[in-house]
Amino acid sequence: MRQKLTLFFASRWGIILVGAVIGTLASLLQKFDNPPNMGICVACFERDIAGALGLHRAAVVQYIRPEIIGFVLGSLIAAFLFQEFKARAGSAPIVRFLLGVFAMIGALAFLGCPWRALLRLAGGDLNAILGLVGLAVGIAVGVQFLKAGFNLGRSHKTYSSVGWILPGIMIGLLLLLIFRVQFSENGAIFFSAKGPGSMHAPMLISLAAGLIIGFFAQRTRFCTMGALRDVILMRDTHLLSGVGALFVVALIMNMILGQTKLGFEVQPVAHSSHLWNFLGMSLAGMAFALAGGCPGRQLFLAGEGDGDSAIFVIGMIVGAGLSHNFSLAGSPDKMVDGVLQVGGITTAGMVAVLLGLMVCITIGFTMREKFNQEGKR
Amino acid sequence: MSQIVDARGLSCPQPVLLTKQAVDKGEFPIEVLVETVTSRENVRRMAENWGCKVQVEDLGEAFKLTLTR
């Protein structure tokens, strides 16, 4: 039975099913009051967690998102049931941390992870096209580095407890959420009273959706970055069929639920500053490609014991803190007295995105096996 | 002449890329060592796409895939 299930999940129908499940649950979560076009967004939700912990003080984006907790724990459960939990670590952790930081800075310039880019487009937000094209370009550059011998080195088997650290942190976050702990008056844990952070589905529904997605995604290795990378690198469309299913199903679900609004301007939690939508996601895409997974995949890997992915996740959460503390994140379009105010990012945000691109390119060029061998000679 | 690809501890797509290099050399059988089920499935799927026959052996700490043509 277990063998049969494993084979099914590894098949094309398996990955399509999981993409469809994510698309359906994301649309439903929005129906249950998650923010618009943000049924699920790994980057945004990690940013909300950073805010809840007080790592940034943007009052409108602070909430401990149970979906993220569910992703990690759902993957952990799947990994244990199928005997795939393997604690491993030690593949250039500091580089992964840095890639996580810049991935988040790029994603927040655009205002979304690859999942949300797809969900935004499925909700009619055409700005997402710029983001998705940027993502593809970033990944394509990453693929060139992979072809030239880039890799972050081998990980090593380690103590089981190492693999438990991020799941443990998630259990801690869940307790903080359930008991709404407040450590001091006006202090953390913060919960937004207005804005996207205040919009959320009931906790148990969010957690259940997260657990289901985490479980299935661990079984099928669902990954948006991997989908594009495998097509560019090896003409392999296996993962892409799952990503396609996510988009198509979310599109249909949004139409059924009346959650579609077509256009560029004043889309929910989005801006129409095209260049920075493109460049922000190029940065994120390159960082994901170099780190070997999109933000969702990094959570699922961390759930099955990968300590290096856990470091990437922590990097993203810290990156969210920096992004908001230094005002690097995108601000949405606004209508003021009937006049459109195009949002976008600050000059500091632009500098950060360009710096991130330079850092990723430097990492890509200098961490090639061939480069090392030449260096030794 | 058989070839051995030791991809233990490497994360995807590295195991697939190393396997591809070996397949391109054209010397079979190729023995590929990987650690995770993800890598095992990726290498298996791609090798089958390249027209190889794949046999998998569970070594406990790792998986050994034997590719023949």
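Go through segment A:137-175 and count every residue that is away from chain B (no Cβ under 14 Å) and more than 22 Å from the chain's Cα centre (by Cα).
Of the residues in segment A:137-175, 5 are away from chain B (no Cβ under 14 Å) and more than 22 Å from the chain's Cα centre (by Cα).
Would you point out which residue out of A:Ala287, A:Ala270, A:Ala352, A:Ala310 is surrounded by 24 or more Cβ atoms within 10 Å (Cβ to Cβ), at pLDDT 95 or above and part of a loop (DSSP other than H, G, I, E, B)?
Going through A:Ala287, A:Ala270, A:Ala352, A:Ala310 in turn, just one is surrounded by 24 or more Cβ atoms within 10 Å (Cβ to Cβ), at pLDDT 95 or above and part of a loop (DSSP other than H, G, I, E, B): A:Ala270.
Give segment B:44-69 a look and list any residue that's among the small types (Gly, Ala, Ser) and in contact with a strand residue (DSSP E or B) (Cβ under 9 Å, 6 or more places away or on another chain), or say none.
B:Ala47, B:Ala62
Does A:Ile15 fit the bill of being more than 20 Å from A:His271 (Cβ to Cβ) and away from chain B (no Cβ under 14 Å)?
No; evaluated as a whole, the condition is false for this residue.
Inspect all residues belonging to segment A:239-259 and state whether any of them is more than 14 Å from every other protein chain (Cβ to nearest Cβ), farther than 27 Å from A:Ser161 by Cα and not in a helix (DSSP H, G or I).
Yes - at least one qualifying residue is present in segment A:239-259.
Would you point out which residue out of A:Phe9, A:Phe80 is in a helix (DSSP H, G or I), over 13 Å from the mean Cα position of the chain (by Cα) and surrounded by fewer than 18 Cβ atoms within 10 Å (Cβ to Cβ)?
A:Phe80
Which condition number in (1) over 16 Å from the mean Cα position of the chain (by Cα); (2) within 14 Å of chain B (Cβ to nearest Cβ) is the one that A:Leu55 fails?
(2)
Would you pick out the residues in segment A:355-377 that are at pLDDT below 95 and either surrounded by fewer than 11 Cβ atoms within 10 Å (Cβ to Cβ) or aliphatic (A, V, I, L, M) (or both)?
A:Lys370, A:Gln373, A:Glu374, A:Gly375, A:Lys376, A:Arg377 - these are the residues of segment A:355-377 that are at pLDDT below 95 and either surrounded by fewer than 11 Cβ atoms within 10 Å (Cβ to Cβ) or aliphatic (A, V, I, L, M) (or both).
Would you confirm whether any residue within segment A:59-66 is among the polar types (S, T, N, Q), more than 14 Å from chain B (Cβ to nearest Cβ) and not in a helix (DSSP H, G or I)?
Yes, because at least one residue in segment A:59-66 is among the polar types (S, T, N, Q), more than 14 Å from chain B (Cβ to nearest Cβ) and not in a helix (DSSP H, G or I).
If you check every pair at least six apart or on different chains, which have Cβ atoms under 6 Å apart with a residue in segment B:40-65 that is under 22 Å from A:Thr237 (Cβ atoms) first and a residue that is aromatic (Phe, Trp, Tyr) second?
Listed pairs, sorted by first residue: B:Arg40/B:Phe63.
Are any residues in segment A:83-103 surrounded by fewer than 24 Cβ atoms within 10 Å (Cβ to Cβ), within 14 Å of chain B (Cβ to nearest Cβ) and not hydroxyl-bearing (Ser, Thr, Tyr), and if so, which ones?
If the condition is that a residue be surrounded by fewer than 24 Cβ atoms within 10 Å (Cβ to Cβ), within 14 Å of chain B (Cβ to nearest Cβ) and not hydroxyl-bearing (Ser, Thr, Tyr), then A:Gln83, A:Glu84, A:Phe85, A:Lys86, A:Ala87, A:Arg88, A:Ala89, A:Gly90, A:Ala92, A:Pro93, A:Val95 are the ones that fit.
Residue by residue through segment A:35-48, note down the ones that are touching a Lys or Arg at 6+ places or on another chain (Cβ under 6 Å), closer than 15 Å to A:Ile317 by Cα and not acidic (Asp, Glu).
Hits for segment A:35-48 are A:Cys41, A:Phe45.
Among the residues of segment A:28-43, are any charged (D, E, K, R) and at positive phi?
Yes, segment A:28-43 contains a residue that is charged (D, E, K, R) and at positive phi.
The values are calculated or read from the model by the stated rules, or taken from the named source; none is laboratory data. Here the structure is a predicted model, which is why all the values come from computation and not from measurement. No Cβ is skipped: glycine too gets one built from the backbone with ideal geometry, and neighbour counts run over all protein chains shown.
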